[in-house]
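These notes are about the structure you will find just below.
The values are calculated or read from the model by the stated rules, or taken from the named source; none is laboratory data. Everything numeric here is computed off the predicted structure, so don't read it as measured data. Quick reminder, even Gly has a Cβ in these numbers, built from the backbone with ideal geometry, and neighbours come from all protein chains shown.
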Amino acid sequence: MPRVPTSRMMRLSLMLSDIGYTGISAWTDRALNLHDYQYNGPDPDLVLSKFRNREEAARATMELIAEIVKQVESLRGRARWSEQLEKELEELKRSMKT
């Protein structure tokens, strides 16, 4: 499983954009902002985190998860798709509705 340090994620997403994977850098930015929030918590002054409160971070998290689900669904025909993957994806989609 490839691993990328957070300090290199934005550059990688821009490189992927260069070869046709559009929209990735905006979602990478969202993920990195949530990563900062994870370490610094809410920040009303927006100095250490891009989220003023837990509700903003929760909404951003749900939007990021929804995009990940959309991207995973687009891989159904190309990846080694299994019943287990389908089951996990459906479970994630159900949990997002609650």
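Here are the numbers for the structure shown:
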{"quantity": "The lone exception for Thr61 - which of (1) more than 21 Å from Ser7 (Cβ to Cβ); (2) within 16 Å of the chain's Cα centre (by Cα); (3) of a type outside the set (A, V, I, L, M); (4) loosely packed, with under 15 Cβ neighbours inside 10 Å it fails", "calculated": "(4)"}
{"quantity": "Subset of segment 1-28 [outside any loop (DSSP other than H, G, I, E, B), loosely packed, with under 14 Cβ neighbours inside 10 Å and hydroxyl-bearing (Ser, Thr, Tyr)]", "calculated": "Thr6, Ser7"}
{"quantity": "Residues of segment 70-95 satisfying the condition of being assigned to a helix (DSSP H, G or I) and among the charged types (D, E, K, R)", "calculated": "Lys70, Glu73, Glu83, Glu86, Lys87, Glu88, Glu90, Glu91, Lys93, Arg94"}
{"quantity": "Segment 17-32, residues that are under 19 Å from Val69 (Cα atoms) and either modelled with pLDDT of 95 or more or not β-branched (Val, Ile, Thr) (or both)", "calculated": "Tyr21, Gly23, Ser25, Ala26, Trp27, Thr28, Asp29, Arg30, Ala31, Leu32"}
{"quantity": "Scope segment 43-66; condition at pLDDT below 95 and touching a Lys or Arg at 6+ places or on another chain (Cβ under 8 Å); matching residues", "calculated": "Asp43, Pro44, Leu46"}
{"quantity": "Residues of segment 24-55 classified as in contact (Cβ under 8 Å) with a residue 12 or more places away in the chain and not hydrophobic (A, V, I, L, M, F, W, C), total", "calculated": "12"}
{"quantity": "Complete set of residues in segment 39-55 that are touching a Ser or Thr at 6+ places or on another chain (Cβ under 9 Å) and either surrounded by 12 or more Cβ atoms within 10 Å (Cβ to Cβ) or under 17 Å from Ile68 (Cβ atoms) (or both)", "calculated": "Asn40, Gly41, Pro42, Asp43"}
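Residue-wise test of (1) in contact with a helix residue (DSSP H, G or I) (Cβ under 7 Å, 6 or more places away or on another chain); (2) in a helix (DSSP H, G or I); (3) of a type in the set (Asp, Glu).
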position: Ala31; (1), (2), (3): yes, yes, no
position: Asp43; (1), (2), (3): no, no, yes
position: Val47; (1), (2), (3): no, no, no
position: Ile68; (1), (2), (3): no, yes, no
